[in-house]
Amino acid sequence: MPYPVLQSRADILRMLDEITEVRTKVLAACATLTPAQLADPVIPGTWSVLKNLTHLAWAEAFMLAWIKKRPDVLPRSEVPPEPAADLEAVRVAFDEAHAEAIAFLKMHPESVLAEPCRYGRDARPETVGGIYFHLIEHEIHHRAFVLFKLRTLRGQ
């Protein structure tokens, strides 16, 4: 089933701004943790804070790569690599992918959100607005884990 299609560029840009604000706070909190705390899964069998952040930075670039390839399928050879498991590398990857996601929206007419594209392992039919929906909901999903784990690691 395809993702819901976001249709308002202004709304998406507001949501991306909110993501930027929270990421800034999360990265500042992470900078106070030790490398061992950043690598601690908190809940056995789950990802650490650093792994969640690495995945989020990669996923934003990954989703945008699919959008840019529309209506074609993203070849495996063009899948972006995950950033290094290092807080500064993650910060740079976040900045680059996020700036690109915002720039894409600003340099295309709002109608781009309805354009078809493919996404994921099965290259299922989606729309640009649907992939932006997924980008935002994916961020919120992982953010919940990160914020919980940060509170736990900081003893709050």
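Every number in this text was worked out from the coordinates using simple rules, so none of it is lab data. Predicted model only: the values in this text are computed from it and were never measured. Cβ coordinates were reconstructed from backbone atoms using ideal geometry, including for glycine residues, and neighbour counts include every protein chain displayed.
Identify all residues within segment 85-97 that are under 25 Å from ARG121 (Cα atoms) and either free of Cβ contacts under 8 Å to residues at least 24 places away in the same chain or of a type in the set (Asp, Glu) (or both); write none if there are none.
Across segment 85-97, the qualifying residue is only GLU96.
Where residues in segment 43-57 are in contact with a helix residue (DSSP H, G or I) (Cβ under 7 Å, 6 or more places away or on another chain) and of a type in the set (A, V, I, L, M), which of them is nearest to ILE136 (Cα to Cα)?
Step by step, filter segment 43-57, then rank; the result is LEU56.
Inside segment 107-122, can you point out the residues that are under 21 Å from LEU16 (Cβ atoms) and assigned to a strand (DSSP E or B)?
CYS117, TYR119
Tell me yes or no: at least one residue of segment 29-42 is under 18 Å from the mean Cα position of the chain (by Cα) and either farther than 22 Å from GLU137 by Cα or not basic (Lys, Arg) (or both).
Within segment 29-42 (the criterion being under 18 Å from the mean Cα position of the chain (by Cα) and either farther than 22 Å from GLU137 by Cα or not basic (Lys, Arg) (or both)), the answer is yes, since at least one residue qualifies.
Can you name the residue in segment 30-87 that is within 27 Å of PHE148 (Cβ to Cβ) and acidic (Asp, Glu) and is also surrounded by the fewest Cβ atoms within 10 Å (Cβ to Cβ) among such residues?
The residue in question is ASP86.
Is it the case that PRO125 is outside any loop (DSSP other than H, G, I, E, B) and farther than 19 Å from ILE19 by Cβ?
yes
Cβ contacts < 9 Å: first residue surrounded by 15 or more Cβ atoms within 10 Å (Cβ to Cβ), restricted to segment 14-29; second residue outside any helix (DSSP H, G or I), any location; separation 6+ or different chain. Result?
Every condition considered, the pairs that remain are MET15/LEU6; ALA29/ARG154.
Is there a residue being among the aliphatic types (A, V, I, L, M) and part of a helix (DSSP H, G or I) anywhere in segment 70-85?
no
I want to confirm something. Restricting to segment 98-115 and keeping residues that are touching a residue at least 60 places away in the same chain (Cβ under 8 Å) and not aliphatic (A, V, I, L, M), which single residue is farthest from THR24 (Cα to Cα)?
GLU110
Give the number of residues within segment 21-36 that are in a helix (DSSP H, G or I) and either under 11 Å from LEU87 (Cβ atoms) or not polar (S, T, N, Q) (or both).
Narrowing segment 21-36 to residues in a helix (DSSP H, G or I): 21-30, 35-36.
From the residues that got through so far, the ones that are either under 11 Å from LEU87 (Cβ atoms) or not polar (S, T, N, Q) (or both) too are 21-23, 25-30, 35-36.
Residues flagged as in a helix (DSSP H, G or I) and either under 11 Å from LEU87 (Cβ atoms) or not polar (S, T, N, Q) (or both) within segment 21-36 amount to 11.
I need every pair where a residue in segment 62-80 that is closer than 23 Å to PHE94 by Cβ and in contact (Cβ under 8 Å) with a residue 60 or more places away in the chain has its Cβ under 9 Å from the Cβ of a residue that is assigned to a helix (DSSP H, G or I) and of a type in the set (Ser, Thr, Tyr), sequence separation at least 6 or different chains.
Here the result reads MET63/TYR132; ILE67/TYR132, each pair linking segment 62-80 to a residue that is assigned to a helix (DSSP H, G or I) and of a type in the set (Ser, Thr, Tyr).
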